[in-house]
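Structure record follows, encoded as structure tokens.
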Amino acid sequence: MLEFDERQGRLSKHMHETHLSILSAYAHALESSPAIVPRRFSILSALLIMGNKDCPGLGRRRPCTLHSKKLGAPKAVSKPCKECGEWACKTHCHCGRMGLASGRGGPRLYGKAKASVAPKAVAAPAVSVTSSSAVSPVGRPSNESCRRLHGEEWWSRVVEDLRDARDVELASYCMDEDALFRVLERGLSRNLNLNLYIDREQFAGGVPRKQRAAIRRLYDKGAKVYICKGLRRNGSFHSKALLINRRVLYMGGANFTNKSHDNRETMFRATGQVVSEVLADAADWRRDAVPWDGL
């Protein structure tokens, strides 16, 4: 028992003594009145309680709070995920974060206690996405929000949201912003899934000057780069959008360049239905684009 407790690292001394008393009570009941106590249910239920571990969530800054009965507490996990092997709930394991799980193995964001005690959130309505390759946000959509950001506030929020990102879609007419590329490079070192979309003519023309070298560094670290074009022959790929974890959207008139710091720009941070709509657009961009081979 003590070895089991040390190996799990989750049970306190008090909980350990409680589990011992539970098992002792069951053993005594089985000896005195075996017909009254169902052997299989009693012993297995006690062992399952002892084997539970708290879901770690996404780390200290974003802990799991999805316990089905205790509001704000981490969800109890009795065994690792069958697919990815992580000791985390179906929302926070690798399958849940990446949207790879479905059906009974899919993420379950809100337990009974949270649904009954917490105030009702205004969730975004379901969006019908026509492209089969589009990826939807994991779990329940975020609440609707849209906030205008000014100047350096925009860039500080972008960098902050990207620090712990696991999935990023970045589209821009041109791009070379130093802080943005640094945080993306660090993310790729921890297996960030990154898709870049850039205009064909702008990329071939070499403007901005540092753009091609910066994108190559990301490409060499595992990013996928898509060379895009406009809707018609003389058109351009003029979209400016940053999608983080398929839940947050940064959009506006600004390209993701160093020069944008000196420009007058109108920029927004949004969540909710619009994220799903731009994710569907990103699927169309990939379908029509030419993947860059690094040459």
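Each value in this text was obtained by applying a stated rule to the coordinates, not by laboratory testing. What you see is a predicted model, and the numbers here were worked out from it, not measured in a lab. For neighbour counting, all protein chains shown are included, and Cβ atoms are generated from backbone atoms with ideal geometry for every residue, glycine included.
To the nearest 0.05, how large is the calculated FRET efficiency for R217 and C146 if R₀ is 25 Å and r is the Cβ-Cβ distance? Write down the numbers at each step before the final one.
Details: r = 33 Å, r/R0 = 1.31.
The pair R217/C146 has a calculated efficiency of 0.15.
Taking the range 145-291, how many lysine pairs are there with alpha carbons less than 22 Å apart, if each pair must be eight or more places apart or span two chains? Kindly include the intermediate steps, with their values, before the conclusion.
Working: K210/K221; K210/K224; K210/K229; K210/K240; K210/K259; K224/K240; K229/K240; K240/K259.
The result is 8.
If you count, for each residue, the other Cβ atoms within 10 Å and average over each peptide, how do 230-236, 159-165, 259-265, 169-175 line up from highest to lowest? The partial results should precede the final answer.
On the way: 230-236: 9.6, 159-165: 15.7, 259-265: 13.3, 169-175: 23.0.
So the peptides 230-236, 159-165, 259-265, 169-175, ranked by packing, come out 169-175, 159-165, 259-265, 230-236.
Arrange E177, E86 by Cβ neighbour counts within 10 Å, fewest through most, would you?
Values: E177 24, E86 17.
By the 10 Å Cβ count, ascending, the order reads E86, E177.
In the calculated pair distance distribution of the range 139-196, what percentage of Cα-Cα distances lie above 16 Å?
Tail fraction, whole percent: 53.
Provide the FRET efficiency to the nearest 0.05 for the E277-H238 pair, computing r from the beta carbons and using R0 = 25 Å. The partial results should precede the final answer.
Values: r = 17 Å, r/R0 = 0.69.
For R0 = 25 Å, the calculated efficiency reads 0.90.
Just how large is the dipole of the range 137-220 about the Cα centre, in debye to the nearest 20, putting +1 at every Lys and Arg Cβ and -1 at every Asp and Glu Cβ? Don't skip to the end; give the middle numbers.
Details: 15 positive and 15 negative charges, 41 e Å.
Magnitude of the dipole: close to 200 debye.
With the crude spin-label approximation of a point 7 Å out along Cα→Cβ, what separation in nm comes out for S68 versus R163?
Output for this residue pair reads 3.5 nm.
If every alpha-carbon in the range 145-291 counts as one equal scatterer, what log10 I(q)/I(0) does Debye give at q = 0.20 1/Å?
Each listed q maps to, in turn, -1.38.
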